[in-house]
Amino acid sequence: MIKKVAILANGGDVSGFNAVIRAIMRAAMTHGIECYGYIDGYKGLVENNYIRLDGNPIASGIIAKGGSIIGSSTNTIVFHYKVKHEDGTITYEDLSDLCVKNVREAGFDCVFTLGGDSTQKSSRDLFLKGINTIGVPKTIDNDVACTDITFGYNTAVSVATEAIDRLHTTAETHHRIMVLEVMGRFAGWIALESAISGGADVALIPEIPYDLNKAAEAIKKRQARGKNFSLVVVSEGAMSKDGTIEAHEAEGLDSKSGISIKFGGIGPKVAKELQELTGMEARCTVLGYMQRGGTPTAYDRVISTKYGAKAMELALEGKFGVLTVIKDGELSSVPLEEVIGNNKEIGAVQGGTADSNVRRVTMDHDLVKTARNIGICLGD
């Protein structure tokens with residue numbers, strides 16, 4: 001019987017975190033279950049730092065609040081945890097056994113893990129070590145496997161669309177190419193959907209290595225029709241056909257994971273090259289963290305609430321080691337084993353590797369077909 005549960009929010013913040021936390025908490029209260037929250041994600045799990053949520057004023061009126069009332073942590077992997085020693089040296093240690101001990105001593109019957117690929121990888125690994133875990137798919141990139149949509153994504157697309165709307169007027173007034181760089185390391189969902197909803201002319205995504213000459217041709221054709229401006233949306237993880245991406249080294253990530261870089265910088269590069277190819281003035285806006293923060297859309301509030309309520313339902317049914325998902329519009333669950341793909345090694349440093357089961361845009365997806373049908377250039 002479930003009597004006491006905990007929630008941890010991990011990875012980059014998204015709008016909808018608090019709506020999920022609220023739904024889990026309220027569902028727990030409905031069934032007389034105590035609900036707690038680990039502070040700052042897996043960091044709180046390591047440090048045994050948690051607070052009670054039900055009946056706590058901090059957890060009141062949070063459905064419309066961005067961020068996470070219990071914080072979150074990034075690049076925090078309990079199997080490869082950054083430890084700073086008194087002499088200033090740093091080591092990376094496996095503290096998963098300490099986490100198991102902390103959960104058991106606290107008496108938590110289930111830990112809900114709110115996060116993306118890496119978060120759910122650790123959730124699966126902790127489940128194999130004896131902790132009852134249930135994952136909830138979070139990421140603005142919308143690239144968690146086995147589900148149609150993640151919470152936080154709709155808000156990110158809405159923010160990107162508003163940015164395109166604003167850039168449209170500047171582009172038209174000054175006869176410029178306006179490039180908007182949006183998030184999306186491995187998947188181009190944000191770029192593609194915001195390009196369609198915002199009326200962009202070019203969308204460059206990680207799944208389609210681009211030839212910028214193609215984009216330049218599309219812009220020149222617009223010029224020939226009297227359209228002396230263009231809007232370009234590019235995912236941070238987009239790469240040219242020569243295989244180069246714009247990135248820099250990321251602190252604290254093991255190179256064997258395949259994720260030892262931070263993406264960013266592709267927008268200015270594309271703007272500079274398009275200006276040279278077209279002769280038109282080009283400017284770039286990097287949307288950055290604006291996509292993550294702020295009030296969630298009504299859609300994200302609803303989907304987050306559905307996910308949270310479903311997660312508690314699964315806990316009451318004793319279904320652990322699973323991820324709540326939405327498939328074909330229906331709430332369901334899948335084993336975390338399916339979510340992590342071939343990245344099966346317990347304690348693997350990071351998700352997002354070649355073996356991970358990241359959900360990417362496929363060429364037969366309706367969004368791709370729609371973009372092509374309405375004349376959006378995808379750089380191929």
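Numerical summary
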{"read-out": "Top-ranked residue in the stretch 146-171 [being among the small types (Gly, Ala, Ser) and more than 12 Å from GLU193 (Cα to Cα); ranked as surrounded by the most Cβ atoms within 10 Å (Cβ to Cβ)]", "value": "GLY152"}
{"read-out": "Near pairs, Cβ below 9 angstrom, 6+ apart or cross-chain, from the stretch 144-162 (under 11 Å from TYR299 (Cβ atoms)) to any residue that is of a type in the set (A, V, I, L, M) and part of a loop (DSSP other than H, G, I, E, B)", "value": "PHE151/VAL14; GLY152/VAL14; GLY152/ILE140; TYR153/VAL14; TYR153/ILE140; THR155/VAL14; THR155/ILE140; VAL157/ILE140"}
{"read-out": "Residue identified as part of a loop (DSSP other than H, G, I, E, B) and at pLDDT 95 or above among ILE140, ILE131, ILE164", "value": "ILE131"}
{"read-out": "Residue within the stretch 98-105 that is within 21 Å of TRP189 (Cα to Cα), of a type outside the set (Ser, Thr, Tyr), surrounded by fewer than 22 Cβ atoms within 10 Å (Cβ to Cβ) and over 19 Å from the mean Cα position of the chain (by Cα) present", "value": "no"}
{"read-out": "Any chance GLY66 is touching a strand residue (DSSP E or B) at 6+ places or on another chain (Cβ under 6 Å), surrounded by 18 or more Cβ atoms within 10 Å (Cβ to Cβ) and touching a residue at least 12 places away in the same chain (Cβ under 8 Å)", "value": "no"}
{"read-out": "Single condition MET290 does not satisfy, out of (1) surrounded by 19 or more Cβ atoms within 10 Å (Cβ to Cβ); (2) within 30 Å of ILE164 (Cα to Cα); (3) within 18 Å of the chain's Cα centre (by Cα)", "value": "(1)"}
{"read-out": "Meets criteria (in contact (Cβ under 8 Å) with a residue 60 or more places away in the chain and more than 18 Å from SER235 (Cα to Cα)) for GLU276", "value": "no"}
{"read-out": "Pick from the stretch 116-154, criterion at positive phi and not polar (S, T, N, Q), ranking: farthest from the chain's Cα centre (by Cα)", "value": "GLY130"}
{"read-out": "Scope the stretch 28-52; condition of a type in the set (A, V, I, L, M) and within 25 Å of the chain's Cα centre (by Cα); matching residues", "value": "ILE39, LEU45, VAL46"}
{"read-out": "Residue in the stretch 98-106 that is more than 17 Å from ILE7 (Cα to Cα) and either charged (D, E, K, R) or in a helix (DSSP H, G or I) (or both) present", "value": "yes"}
{"read-out": "In the stretch 39-63, residue surrounded by the fewest Cβ atoms within 10 Å (Cβ to Cβ) [restricted to those that are closer than 24 Å to SER96 by Cβ and out of contact with any Asp or Glu (no Cβ under 9 Å at 6 or more places or on another chain)]", "value": "ILE51"}
{"read-out": "Matching residues, the stretch 119-135, being out of contact with any Gly (no Cβ under 7 Å at 6 or more places or on another chain) and within 16 Å of VAL14 (Cα to Cα)", "value": "GLY135"}
{"read-out": "Lone unmet requirement of (1) touching a residue at least 40 places away in the same chain (Cβ under 8 Å); (2) surrounded by 20 or more Cβ atoms within 10 Å (Cβ to Cβ) for LYS310", "value": "(1)"}
{"read-out": "Close pairs from the stretch 210-221: first farther than 14 Å from MET239 by Cβ and surrounded by 14 or more Cβ atoms within 10 Å (Cβ to Cβ), partner at pLDDT 95 or above and small (Gly, Ala, Ser), Cβ under 7 Å, at least 6 apart", "value": "ILE219/SER230"}
{"read-out": "Matching entry among ASP366, ASP380 (being touching a strand residue (DSSP E or B) at 6+ places or on another chain (Cβ under 8 Å), of a type in the set (D, E, K, R) and at pLDDT 90 or above)", "value": "ASP380"}
{"read-out": "Filtered residues of the stretch 313-345 (kept if crowded, with 19+ Cβ neighbours inside 10 Å and assigned to a strand (DSSP E or B))", "value": "VAL322, LEU323, THR324, VAL325, ILE326, SER333"}
{"read-out": "Residue list for the stretch 129-145, filter: buried (at least 24 other Cβ atoms within 10 Å of the Cβ) and over 28 Å from LYS101 (Cβ atoms)", "value": "THR139, ILE140, ASP141, ASN142, ASP143, VAL144"}
{"read-out": "Residue under evaluation GLY184, criteria (1) crowded, with 24+ Cβ neighbours inside 10 Å; (2) under 11 Å from the mean Cα position of the chain (by Cα); (3) in contact (Cβ under 8 Å) with a residue 60 or more places away in the chain, criterion not met", "value": "(3)"}
{"read-out": "Criterion: in the same structural domain as MET312 (by TED's automatic domain parsing), at positive phi and in a loop (DSSP other than H, G, I, E, B) - qualifying residue of GLY66, GLY55", "value": "GLY55"}
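For every residue, the table says whether it meets (1) at pLDDT 75 or above; (2) over 22 Å from the mean Cα position of the chain (by Cα); (3) farther than 22 Å from ILE177 by Cα; (4) in a loop (DSSP other than H, G, I, E, B).
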| site | (1), (2), (3), (4) |
| --- | --- |
| ALA215 | yes, yes, no, no |
| GLN223 | yes, yes, no, no |
| LYS227 | yes, yes, no, yes |
| VAL233 | yes, no, no, no |
| ALA238 | yes, no, no, yes |
| GLU251 | no, no, yes, yes |
| LYS262 | no, no, yes, no |
| PRO268 | yes, yes, no, no |
| GLU276 | yes, yes, no, no |
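The values are calculated or read from the model by the stated rules, or taken from the named source; none is laboratory data. All values derive from a computational prediction rather than experimental measurement. For neighbour counting, all protein chains shown are included, and Cβ atoms are generated from backbone atoms with ideal geometry for every residue, glycine included.
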